[in-house]
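Colleague: Sharing a structure below in C-alpha cells format, with a few things to ask.
The values are calculated or read from the model by the stated rules, or taken from the named source; none is laboratory data. Please read these numbers as outputs of a predicted model, since none were measured by experiment. When we count neighbours, we look across all protein chains shown, and the Cβ atoms used for this are built from the backbone with ideal geometry, even at glycine.
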C-alpha cells in the first residue's frame, strides 16, 4: 500500500514538472511575441507557423537558462557584486543574443540599449508569471 502511494506521489510530481515546463514554454512564447509586437525594431520573430519560432526560441531560452546561465552567473559574480546587480540583466541579453545566433533570420535582435530593456521586461514578466500563473495552477504556494 505504501509503495502505491509513493509511486502516485512520484507520478504527480513528474506530471507537475511537465506541466510547469509546458506553461513556461507557452508563456515565454507569448512574452516574446508581445515584446516583438511592442518593440518591432528591437526583437523580430518570424511569424510564419503561428508562433512556431517564438515557441522554438522559448525552448532554447529555457535550455540556456538551465545550462549556461548558472555558469555565466558564477563567472560574472564579482562584476555583478561590484555593480550592485546592475550587470545581471546583461546575462539575459547575452542569452538572447545566443538565441539570435542559433535561430538566424527567424529571431533577430537589434540595439543593445533596447535589448537590455527588453531583457528586464522579460525578467519582470517571468517573475509575475511565476507568482500569478504557475504557482497557483500547480499548487506550489
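Colleague: Quick one: which residue in 72, 79 is touching a helix residue (DSSP H, G or I) at 6+ places or on another chain (Cβ under 6 Å) and surrounded by 12 or more Cβ atoms within 10 Å (Cβ to Cβ)?
Modeller: Just a single option satisfies the conditions, and that option is 72.
Colleague: Right, something else. Run residue 96 past the list (1) under 13 Å from residue 31 (Cβ atoms); (2) in contact with a strand residue (DSSP E or B) (Cβ under 9 Å, 6 or more places away or on another chain); (3) touching a residue at least 60 places away in the same chain (Cβ under 8 Å) and report the number of the one that doesn't hold.
Modeller: Checking residue 96 against (1) under 13 Å from residue 31 (Cβ atoms); (2) in contact with a strand residue (DSSP E or B) (Cβ under 9 Å, 6 or more places away or on another chain); (3) touching a residue at least 60 places away in the same chain (Cβ under 8 Å), the one that fails is (3).
Condition check ((1) within 17 Å of residue 25 (Cα to Cα); (2) free of Cβ contacts under 8 Å to residues at least 40 places away in the same chain; (3) surrounded by 16 or more Cβ atoms within 10 Å (Cβ to Cβ); (4) within 15 Å of the chain's Cα centre (by Cα)) across all residues:
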site: 103; (1), (2), (3), (4): yes, no, yes, no
site: 107; (1), (2), (3), (4): yes, no, yes, yes
site: 113; (1), (2), (3), (4): no, yes, no, no
site: 119; (1), (2), (3), (4): yes, yes, yes, yes
site: 122; (1), (2), (3), (4): yes, no, yes, yes
site: 127; (1), (2), (3), (4): yes, yes, no, yes
site: 130; (1), (2), (3), (4): yes, yes, no, yes
site: 133; (1), (2), (3), (4): yes, no, no, yes
site: 137; (1), (2), (3), (4): yes, no, no, no
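Colleague: Further, regarding this structure: So is residue 62 out of contact with any strand residue (DSSP E or B) (no Cβ under 6 Å at 6 or more places or on another chain), part of a helix (DSSP H, G or I) and touching a residue at least 40 places away in the same chain (Cβ under 8 Å) or not?
Modeller: So residue 62 fits the description; yes.
Colleague: Name every residue in the range 83-101 that is in contact with a helix residue (DSSP H, G or I) (Cβ under 9 Å, 6 or more places away or on another chain), surrounded by 12 or more Cβ atoms within 10 Å (Cβ to Cβ) and outside any helix (DSSP H, G or I), in order of residue number.
Modeller: Scanning the range 83-101 gives a single hit, 87.
Colleague: Another question, then. Select from the range 87-132 the residues that are at pLDDT 85 or above and at positive phi and list them in ascending order.
Modeller: 104
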